[in-house]
1. Length gain on complete extension for the stretch E22 to H96, per 0.36 nm per residue less the alpha carbon to alpha carbon distance?
2. Which aspartates and glutamates, if any, have their Cα less than 14 Å from the Cα of K202, not counting same-chain residues under 8 positions apart?
3. Near K105, which lysines are there with a Cα under 23 Å away, not counting those fewer than 8 places off in the same chain?
4. Can you tell me how much longer the chain between N56 and N140 gets when fully stretched, taken as 0.36 nm per residue apart minus their C-alpha distance, in nm with one decimal?
5. Rounding to the nearest 20 debye, state how big the charge dipole of region 4-215 is about its Cα centre with +1 on each Lys and Arg Cβ and -1 on each Asp and Glu Cβ.
6. Report, by chain and number, residues whose modeled amide H sits under 5 Å from the one on L171, excluding near sequence neighbours (fewer than 5 apart, same chain).
7. Once both labels are modelled 7 Å past Cα along the beta-carbon direction, what's the A181-L123 spacing in nm?
8. Starting from the Cα gyration tensor of region 4-215, take the square roots of the eigenvalues, sort them a ≥ b ≥ c, and report rounded, prolate or oblate (rounded when a/c is under 1.5, otherwise prolate if a/b is larger than b/c, else oblate).
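All of the numbers you see were taken from the coordinates with simple rules; none came from a lab. This structure is a prediction, so every number in the text was calculated from the model and none was measured. Here Cβ is always computed from backbone atoms with ideal geometry, including for glycine, and neighbour counts include all displayed protein chains.
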Amino acid sequence: MSHKIAPSILAADFGNLQRDCEMVNNSQADWFHLDVMDGVFVPNISFGMPIIKNINSYAKKTLDVHLMIVNPDKFIKSFKEIGADVLTVHYEVCDHLHRTLSAIKQEGMKAGVALNPHTSVHLLSDVLNDLDLVCIMSVNPGFGGQSFIENTYKKVKELAHLREISNANFLIEIDGGVSTANARKLLDAGADVLVAGSFVFKSENPVQTIADLKAV
């Protein structure tokens with residue numbers, strides 16, 4: 001299976017959102033990655049439901065919504081209504097993770113869990129077969145353009161091993177500091193989906209940059 005590329009719209013030009021969405025549509029990207037931040041779980045606020053609904057009106061590819069928020073259960077149904085295809089919640093805010101994952105799936109979405117850099121992949125052992133996606137944060141969540149944390153490779157290998165021995169089939173997604181410099185090493189470690197924000201949208205030719213990430 002070829003790996004997926006998910007440009008992070010957080011790094012797009014919100015004054016030209018339709019243009020940037022159409023760029024992603026016309027590129028080799030597979031997904032739109034949408035980071036929702038509440039200023040509580042992470043020290044930043046990004047965009048909410050009206051913007052995602054707007055993006056969905058332009059997007060012709062999978063909407064991969066990453067909730068960096070507290071109390072995600074309150075909004076599961078709403079994110080389905082505005083077009084989310086994959087909904088990822090953070091392990092660190094879910095007191096009843098299995099229930100949350102079940103609620104996401106009941107709405108017809110793929111269910112994902114994100115892990116902060118300090119959170120061990122082994123904490124997911126009891127829900128591995130309930131997951132469609134695990135998002136490993138390779139930077140501390142909250143801001144774009146941060147430097148990649150080198151320990152990520154080890155975490156990806158550990159998670160890929162857990163996936164194999166549990167006979168699970170979730171995708172492993174990497175979010176933060178991804179570029180052509182580290183993409184091959186991440187894929188070799190077991191990653192399936194690469195999220196890239198600044199590296200794509202700040203490049204001179206985003207379509208070509210996406211193609212380069214896809215060709216790694």
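1. Computed gain between E22 and H96 is 22.9 nm.
2. Candidates past the 8-residue exclusion: D13, D20.
3. K4, K53, K60, K61, K74, K77, K80
4. Details: separation 84, 0.36 × 84 = 30.24 nm, distance 2.70 nm.
Between N56 and N140, full extension yields 27.5 nm more.
5. On the way: 19 positive and 25 negative charges, 39 e Å.
Here the size comes out at about 180 debye.
6. When sequence neighbours closer than 5 places are left aside, the close amide H contacts are L133, V134.
7. 2.9
8. Numbers: a/c = 1.56, a/b = 1.13, b/c = 1.38.
Oblate is the answer for region 4-215, as a/c is 1.5 or above yet b/c matches or exceeds a/b.
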